1. What list do you get for B:Lys3, B:Lys57 if you sort them by fewest beta carbons within 10 Å?
2. For A:Thr96, A:Thr27, B:Thr76, what ranking results if the residue with the fewest other Cβ atoms within 10 Å of its Cβ goes first?
3. If one computes the Cα centroid of segment B:75-115 and of segment A:1-70, what distance in Å separates the two points?
4. For chain A, with equal point scatterers placed on the C-alpha atoms only and solvent neglected, what are the log10 I(q)/I(0) values from the Debye formula at q = 0.10, 0.15, 0.18 1/Å, to two decimals?
5. So what is log10(I(q)/I(0)) for the protein assembly as shown at q = 0.08 1/Å, when the Debye sum runs over its Cα atoms only?
6. Need one number: % antiparallel among DSSP beta bridges in chain A, to the nearest 5.
7. Over chain B, what is the mean sequence separation of C-alpha contacts under 8 Å (at least six apart), divided by residue count, expressed as relative contact order in percent?
8. Given a cut-off of under 8 Å on Cα pairs at least six residues apart, what relative contact order in percent is computed for chain A?
Amino acid sequence: GQQVQQSPTSLVLQEGENAELQCNFSTSLNSMQWFYQRPGGSLISVFYNPSGTKQSGRLTSTTVIKERRSSLHISSSQITDSGTYLCAIHYAQGLTFGLGTRVSVFP
Amino acid sequence: GPKVLQIPSHQIIDMGQMVTLNCDPVSNHLYFYWYKQILGQQMEFLVNFYNGKVMEKSKLFKDQFSVERPDGSYFTLKIQPTALEDSAVYFCASSLAQGANSDYTFGSGTRLLVI
């Protein structure tokens, strides 16, 4: 089965609303990474190996490795936040991705 | 920040022909990867490459696929011959270290359409 489960699968927000995206892992892991994928496909690293809580601008990641979960909080969403947020776990040879949460922000 | 460059961004090719996808990794990175994403589906690992050799490949890395990085040039993914099911976006990535010890940098992808 899926090693990386993300929820929700999609999210519609009005500009200014907050959102929380979840990522759960079915296997033990050493580290994980959050990515943002723009409409059109390019992949941008958002957080790398975020144990505990880390913040970058309006994005906050909270990861509890022992509990195999991570969340990504978007505060005061903007239209430019629209896209797909992917989480991935690191294993020896590469990354295993989840299916992503598609976020759509409207005015 | 450092970037991974992929060329071309789009490619349309007739089934059965050969295609080469090019990747210019981050300059000091040592590990290189290809991932495949079919529209609307999960990003999936194809292969990783280090010190001139394939370290690991997934079941998606068919016999028709090959990778190489001749000295000082692009890290390439070659598909010969192509099949309809090879249509996807192919992402190149690189990292300084392996596995859990390193941040990955991805390119913008090459959109391949086999017709």
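Every number here is computed from the coordinates shown, using simple stated rules; none is lab data. Note that the structure is a prediction, hence the values are computed from the model and not measured. Ideal geometry is used to build each Cβ from the backbone, glycine not excepted, and the neighbour counts take in all protein chains shown.
1. Working: B:Lys3 14, B:Lys57 17.
Fewest-to-most ranking of B:Lys3, B:Lys57: B:Lys3, B:Lys57.
2. Ranked by crowding around the Cβ, least crowded first: A:Thr27, B:Thr76, A:Thr96.
3. About 22 Å separates the Cα centre of segment B:75-115 from the one of segment A:1-70.
4. -0.25, -0.56, -0.81
5. Debye intensities relative to I(0), on a log10 scale: -0.29.
6. Values: 39 of 44 bridges.
So the antiparallel bridges amount to about 90 percent of the total.
7. Working: 277 pairs, mean separation 43.6, N = 115.
That works out to 38 percent.
8. On the way: 271 pairs, mean separation 40.5, N = 107.
Averaging sequence separation for qualifying contacts and normalising by length gives 38 percent for chain A.
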